[in-house]
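Undergrad: Got a structure here, written out as structure tokens. Questions coming.
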Amino acid sequence: MDKKGIDIAMDKIYCIGKFQFDSKEKYQEALDDIEKIKYISKKMDINEPGVAQRLYTLVREGKIVFRSVIGDDYLLYLSDMVVEDYRAISRDSFARKIIGRLRQVSPRQVIGVICMAGAIVCFLIFLGSEYNDRQKTRQLEKLKSEQEISAASDWLSAKLLDVMDTEETKRDKDKKQEEVVVAQSESVDNEVYAAEPIQEIGPQILPEYQALYEKNSDLAGWLAIEGTEIDYPVMQAVSESSNFYLNHDFDGKEDINGSLFLDSRNSLEKPNDNMIIYGHNMKSGMMFGGLKQYLEPSFWKEHKKVIFNTIYDKAEYEIVAVCLSKVAEDGDGELKYYNFIDAGNKKTFKQFVENVKELNIMDEKVQLSYGDKLLTLSTCNSYTEDGRLFLVAKKCEK
């Protein structure tokens, strides 16, 4: 083997798990980061309250330095732990508030509330019982009336037949019966040879995605943006497990990078007014890590084209707005852009566009019209707590 072949072979061994390194120096930096992480794990229990927060702050302030993607992943892991600690603290705080308020309530008030609630429940049960009894009574009366009318009709019919039961009427009756039999026979024949109802045929999967779809039927399509590392399959989330692809790859295996996935409320067969795709903002640039480049106006102006092909149709979009927002709570004034799926009417669409204009960080005017089909790309952003970066793109005419 010549020297060039030896160098290529040596390059291939610089990997740790799923991570690969271009040089021995980067490989050594990754090993150093692993040793730091092992040392931290020995000295500190990250599961203790506040530990993850302190470690995360030390790394962000540069007091603990990581130099590889392994260190970046560890920082992301710390941020997830901080979020979980924050949620736990919020739940405990809420529980303490509830307990505190309950302690301020006197026993007499508690007993009074329980008695009142019990009385209301009993009254509702009584009303429901009375209503059901009345409904049953009405049904029985109606059934009895129908039975009496039917009995009277049968009696009159029998009397008339006895009076008219002569030889001539018998012959006429036999003739009529033969005609009825013939008519029924023709009706049966028509039903037998009637054309089968036409079954509607749904959209056909594009040939280039057929093999991938057979491998995983959650496949929704493919997203690609020139100038970024975004060139990935997009999965279809379902309401029962809408966050599954946050930490699973295309094959369903656990992966810290997760996958790009379509909002569970979106339909592929009948595309909505706004198709929303989510993905992690990875520091390595994977998934939606490349979207932060759009914070620079020059990059946005040169990379407005987005390709999003569903498994049924190919489409090109143009990015018209780059927005910064946050996860809105009920009652605050923040735009819940992730709840805009179908406009329904011009007023709702106009309201969405106005909010996009307010959150857009680009200078150019947002050009959107009622009836436009939109694509929203959403990821996290650390400009504020629970910050979000989302791009709004308009479908181009074919």
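We did not get these values from a lab; they are worked out from the coordinates using the rules stated. From a predicted model like this one, the values you see are computed outputs, not experimental measurements. Please note: Cβ atoms are built from the backbone with ideal geometry, for glycine as well, and neighbour counts cover all protein chains shown.
Undergrad: May I ask you to derive the FRET efficiency for residue 26 and residue 254 from their Cβ-Cβ distance with R0 = 25 Å, giving the value to the nearest 0.05? Each step should come with its number before you reach the end.
TA: On the way: r = 25 Å, r/R0 = 1.01.
So, using R0 = 25 Å, E works out to roughly 0.50.
Undergrad: Same structure again: For the stretch 199-244, what is the largest minus smallest coordinate of the Cα atoms on each principal axis, given in angstrom and ordered from greatest to least?
TA: Here the Cα extents, ordered largest to smallest, are 45, 29, 18 Å.
Undergrad: Would you mind getting me the FRET efficiency between residue 354 and residue 302? Use the beta-carbon distance for r and R0 = 22 Å, nearest 0.05.
TA: Values: r = 27 Å, r/R0 = 1.25.
So, using R0 = 22 Å, E works out to roughly 0.20.
Undergrad: Note down the net charge around residue 230, summing +1 for each Lys or Arg and -1 for each Asp or Glu among other residues with Cβ under 13 Å from its Cβ. Walk me through the intermediate numbers first.
TA: On the way: positive: 292, 305; negative: 226, 229, 231.
The answer is -1.
Undergrad: In nanometres, what is the gap between the two model label sites at residue 39 and residue 342, each 7 Å from Cα along Cα-to-Cβ?
TA: About 5.9 nm, to one decimal.
Undergrad: How far is it, in nm, from the label point at residue 114 to the one at residue 205 when both lie 7 Å from their Cα along the line to the Cβ?
TA: Going from the residue 114 label point to the residue 205 one covers 5.9 nm.
Undergrad: If each residue of separation counts as 0.36 nm, what is the full-extension length gain between residue 60 and residue 231 once their alpha-carbon separation is subtracted?
TA: Working: separation 171, 0.36 × 171 = 61.56 nm, distance 2.97 nm.
Contour length minus the Cα-Cα distance gives 58.6 nm.
Undergrad: Give the distance, in whole Å, between the Cα centre of the stretch 111-125 and the Cα centre of the stretch 27-54.
TA: Each part's Cα centre sits 56 Å from the other's.
Undergrad: Hey, which of these cross-link pairs are over 30 Å Cα-Cα: 43/326; 38/215; 63/292? List each step's numbers first, then the result.
TA: On the way: 43/326 35 Å; 38/215 38 Å; 63/292 25 Å.
Too far apart for the 30 Å limit: 43/326; 38/215.
Undergrad: I'm a student and want to see the number: the projected area of the Cα convex hull of the stretch 207-395, averaged over all directions, in nm².
TA: Details: hull surface 43.6 nm².
Over every viewing direction, the Cα hull of the stretch 207-395 projects on average to 10.9 nm².
Undergrad: Summing Lys, Arg as +1 and Asp, Glu as -1, what charge do residues with Cβ under 12 Å from the Cβ of residue 212 carry, residue 212 excluded? It would help to have the intermediate numbers written out before the result.
TA: On the way: positive: 215; negative: 208, 214, 218, 251.
Summing Lys/Arg as +1 and Asp/Glu as -1 gives -3.
Undergrad: Separate question: Report the FRET efficiency, 1/(1 + (r/R0)^6), for residue 240 and residue 106, where r is their Cβ-Cβ distance and R0 is 41 Å, rounded to 0.05. Before the final figure, lay out the partial values.
TA: Values: r = 45 Å, r/R0 = 1.09.
Efficiency at R0 = 41 Å is approximately 0.40.
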